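Scroll down for the structure; my scribbles are underneath it.
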């Protein structure tokens with residue numbers, strides 16, 4: 001399986017969260033939630049969880065874990081790569 | 001203004017999960033039963049939660065066996081009949097003894113199951129049998145069913161304020177009586193459990209997979225339910241004069257809008273506090289007088305937290321003597337019906353000296369511990385409160401009081417229900433296929449038609465008129481509108497034009513919709529059909545709710561007061577103007593923004609094609625109209641809305657309705673004709689034959705509430721008195737009389 005790229009995650013978040021910002025302004029460490037970052041909310045978190053599960057086959061069931069994984073696209077990418085490497 | 005009339009309840013009816021009548025449901029509720037059971041109405045195998053509270057449809061004698069009515073209609077007819085019967089207003093033929101009782105009713109999903117099936121067939125490219133589905137789908141169809149089978153022919157207000165709408169509808173019904181615009185109103189809410197709604201709540205992870213535990217520390221979600229409930233409200237003088245048995249008084253109504261978030265309440269519950277305080281003030285009582293409160297209590301972490309905070313703020317130390325329960329643990333959350341069902345249960349607590357117990361809650365939140373009603377508890381009180389919160393920040397509170405024996409006596413004759421309404425025009429705005437602003441509405445020529453591919457036939461396209469979205473970029477990038485459907489951009493732009501730079505503190509909003517956020521509803525449910533329930537989009541679902549665009553508008557304008565969303569068609573525009581006039585009458589608000597809005601989707605075009613309207617020259621369109629309104633005065637344009645809309649379903653009824661609607665219009669009044677391209681066309685031609693005619697306005701297509709508004713704005717641009725007829729396809733025929741400034 002090819003490695004998860006930052007660009008594809010950027011596309012995933014822009015599309016699913018219907019973001020109006022230019023994709024180039026999103027960095028790996030831009031916070032997804034809160035006013036300092038992209039300003040996403042709990043509905044976006046659910047939408048992203050669904051999109052990640054459907055695109056990569058890796059459900060994020062625990063809300064606690066979702067909060068950690070969805071801090072930024074960097075943390076999401078790291079987690080996805082870890083899932084791939086530990087997959088049977 | 002004359003003294004407000006006192007409002008009494010003379011009838012109650014209910015069809016709910018624990019019983020098809022008030023008595024049956026009440027007995028089982030008191031026993032601590034819950035209706036939670038596996039969902040059997042539709043497939044839920046792709047959902048996290050698979051249980052809900054389904055209602056059993058009671059036997060309904062006298063209904064034609066052959067006609068398949070929407071489940072929502074059946075629930076509503078059952079509850080409506082019971083309410084009229086208790087009030088002594090149902091004759092032996094199961095119709096009302098008088099036909100002139102207006103209806104104020106709430107729903108969120110109408111006959112959505114028919115809409116789902118229409119979309120399924122369309123996506124399968126199956127055209128047979130679609131017309132029948134279309135006929136039962138929209139909320140105004142169930143309102144027509146109610147009117148037909150209860151024998152009522154007056155106007156209907158259909159409130160779609162999400163989960164508080166049942167309480168809003170009752171509150172609105174009470175306002176009609178209080179302000180003497182009616183002496184009797186049938187009011188309540190109905191909701192049928194439907195796959196779209198179920199999957200929507202499921203994908204938001206708002207449904208508990210365990211059980212519904214309101215106000216519990218470990219609560220983890222709600223249980224959906226369904227049902228209907230109605231009240232007969234009357235002017236107290238009229239009710240006593242006819243010797244009706246008075247069950248209680250409806251003494252207070254308050255409503256407000258929470259601007260915090262589309263689906264989450266402000267954690268302090270400030271809007272709920274405002275709604276409760278307004279209701280208590282109108283009732284003329286302090287919180288200590290309330291003995292029982294039927295809570296919203298959905299059992300989602302956010303809702304119950306905000307609600308408990310609101311109770312602490314509104315009741316203070318008096319909370320220690322209050323008894324509270326959320327009946328949603330037993331009956332589920334029936335959305336548009338919830339406020340009405342719970343109002344009935346609050347009234348029963350007042351009458352019976354005991355309240356429905358709080359079931360399922362084992363580990364109550366400390367703030368409310370000891371306040372929750374237990375099985376067998378007795379309570380004696382003279383006042384009860386029922387509250388509801390909804391998506392989009394709608395909040396409503398109703399106070400019911402024991403009917404005193406010391407009736408103050410007559411102070412004047414009850415008002416007839418034919419009173420007219422009048423408003424003054426302060427601002428105007430429009431978004432249409434002709435462009436942005438009101439000037440372009442009266443331009444010559446026809447905007448260019450666009451071709452939209454058919455969903456049911458790959459070889460086919462439909463011509464339609466569209467709004468150019470490129471002019472609305474500033475709304476698209478507004479933070480609140482990030483996920484919003486185009487209808488919200490249309491409304492924001494039209495509202496901004498109407499309001500100008502004026503900040504309007506205390507602004508009220510009434511929005512009227514025909515099909516509402518149809519683009520997202522179609523996209524959301526297409527995903528469910530084509531990919532599966534587990535693909536349902538949490539980002540789309542909240543935006544499919546009727547009042548979401550209204551709620552976005554309220555947030556953008558900072559309007560935290562009165563805010564209604566109405567479902568209907570052209571008549572909803574007239575109804576919105578009536579409500580604005582009603583609010584302005586006693587200074588409840590000083591300014592009201594009325595917006596009519598529609599957006600176009602390929603599924604609408606399938607519907608219009610299937611109705612054979614396109615063959616008549618019907619062109620579908622989209623956009624919004626806005627009017628900023630104040631009290632009427634002679635220095636500005638005035639709009640008079642003469643009487644309530646007349647209901648019609650068949651050409652014969654429509655002809656009779658049109659005749660009554662225009663009977664008192666002076667023959668020399670120029671009438672803005674529309675050249676209806678629906679089955680109403682011959683009726684329009686016939687009804688308006690003798691009247692003078694305005695030069696035909698430029699045709700911008702049919703967009704129901706929005707195009708009714710464009711025509712009003714086109715008439716206002718002519719600077720002469722005029723009449724604007726409104727042709728509600730399945731809702732009612734109405735008219736607006738426009739009078740220019742006197743200067």
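Numerical summary
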{"item": "Spin-label pair residue B:590/residue A:27, simplified geometry with 7 Å Cα→Cβ offset, distance in nm", "result": "4.8"}
{"item": "Fewest-first ranking of B:114, B:190, using other Cβ atoms within 10 Å as the exposure measure", "result": "B:114, B:190"}
{"item": "Label zone at residue A:18 (point 7 Å along Cα-to-Cβ), backbone N below 17 Å, the stretch B:257-273", "result": "B:261-264"}
{"item": "Contour minus Cα-Cα distance for residue B:718 and residue B:693 (0.36 nm per residue)", "result": "7.7 nm"}
{"item": "FRET efficiency, residue B:444 to residue B:48 (Cβ-Cβ, R0 60 Å, nearest 0.05)", "result": "0.60"}
{"item": "Chain B: relative contact order in percent, alpha carbon pairs under 8 Å with at least 6 residues between", "result": "15"}
{"item": "Percent RCO, i.e. relative contact order, over the stretch B:264-395, from Cα pairs under 8 Å lying at least 6 residues apart", "result": "34"}
{"item": "Between helix B:270-283 and chain B: long-axis angle, C-alpha atoms, 0 to 90°, nearest 10", "result": "80"}
{"item": "Kirkwood-Stokes translational diffusion coefficient of the protein assembly as shown, alpha-carbon pairs, 37 °C, 0.692 mPa s, µm²/s", "result": "122"}
{"item": "Test item: A:44-50 mean partner chain Cβ contacts at 10 Å", "result": "5"}
{"item": "Estimated distance in nm for a label pair at residue B:650 and residue B:128, the labels positioned 7 Å out from Cα along Cα-to-Cβ", "result": "2.8"}
{"item": "Radius of gyration, Dmax [the stretch B:159-212; alpha carbons; angstrom]", "result": "16.0, 48"}
{"item": "Crossing angle, helix B:651-662 versus chain B [Cα axis fit, 0-90 degrees, rounded to tens]", "result": "80"}
{"item": "Point-to-point label distance, residue A:75-residue B:241, nm (Cα→Cβ direction, 7 Å offset)", "result": "6.9"}
{"item": "Euclidean distance between Cα centres, the stretch B:419-457 to the stretch A:3-67, Å", "result": "38"}
{"item": "Cα-based shape type of the stretch B:45-118, given that a ≥ b ≥ c are square roots of the gyration tensor eigenvalues and the cut on a/c is 1.5", "result": "prolate"}
{"item": "Percentage of interatomic Cα-Cα distances in the stretch B:320-364 larger than 15 Å", "result": "48"}
{"item": "Shielding score for B:447-455, defined as the mean number of other chain Cβ atoms within 10 Å", "result": "0"}
{"item": "Residue-averaged beta-carbon neighbours from other chains (10 angstrom radius) around A:14-24", "result": "2"}
{"item": "Neighbour-count order for A:49, B:650, fewest beta carbons within 10 angstrom listed first", "result": "B:650, A:49"}
{"item": "Rg/Rg_ref, the stretch B:260-305, where Rg_ref = 2.2 N^0.38 Å and atoms are Cα", "result": "1.31"}
{"item": "Burial ordering of B:608, B:564, fewest other beta-carbon atoms within 10 Å first", "result": "B:608, B:564"}
{"item": "For the stretch B:263-293 and the stretch B:88-104, distance of Cα centres in Å", "result": "34"}
{"item": "Packing-based order for B:290-297, B:720-727, B:277-284, using average beta carbon neighbours within 10 Å, highest first", "result": "B:290-297, B:720-727, B:277-284"}
{"item": "The stretch B:1-82: proportion of alpha-carbon pairs further apart than 19 angstrom, %", "result": "54"}
{"item": "Between the stretch B:460-506 and the stretch B:517-590, the Cα center-to-center distance that results, in Å", "result": "14"}
{"item": "DSSP beta bridges in the stretch B:151-310 [antiparallel fraction, %, rounded to 5]", "result": "90"}
{"item": "Value in Å of the Kirkwood radius, where chain B supplies the Cα pairs that are averaged", "result": "25.5"}
{"item": "Within the protein assembly as shown, percent of DSSP bridges classed antiparallel, to nearest 5", "result": "70"}
{"item": "The stretch A:13-79: Rg to Rh, with Rh as the Kirkwood radius over Cα pairs", "result": "0.92"}
{"item": "Spin-label zone in the stretch B:255-281 - amide nitrogen under 17 Å from a point set 7 Å from the Cα of residue B:217 along the C-beta vector", "result": "none"}
{"item": "Stokes-Einstein D (µm²/s) once Rh is taken as the Kirkwood radius of the stretch B:475-622 over alpha-carbon pairs, at 20 °C in 1.002 mPa s", "result": "130"}
{"item": "Tensor-based shape of the stretch B:270-390 (alpha-carbon gyration tensor, a/c under 1.5 rounded, otherwise prolate or oblate)", "result": "rounded"}
{"item": "Reference-scaled alpha-carbon Rg (2.2 N^0.38 Å with N residues) for the stretch B:565-649", "result": "1.37"}
{"item": "Gyration tensor verdict on the stretch B:535-690 (Cα atoms; rounded if a/c is under 1.5, prolate if a/b is larger than b/c, oblate otherwise)", "result": "oblate"}
{"item": "Nearest 10 degrees, 0 to 90: helix B:165-178 Cα axis against chain B principal axis", "result": "80"}
{"item": "Cβ-derived FRET efficiency at R0 56 Å, residue B:281 paired with residue B:675, nearest 0.05", "result": "0.70"}
{"item": "Two-decimal Rg to Rh for the stretch B:7-136 - Kirkwood Rh, Cα set", "result": "1.02"}
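Laboratory data are not the source of any read-out in this text; all were calculated from the coordinates shown. Owing to the predicted nature of the structure, the values given are computational and were not obtained by experimental measurement. Cβ sites come from the backbone with ideal geometry, for glycine too, and all protein chains shown count toward neighbours.
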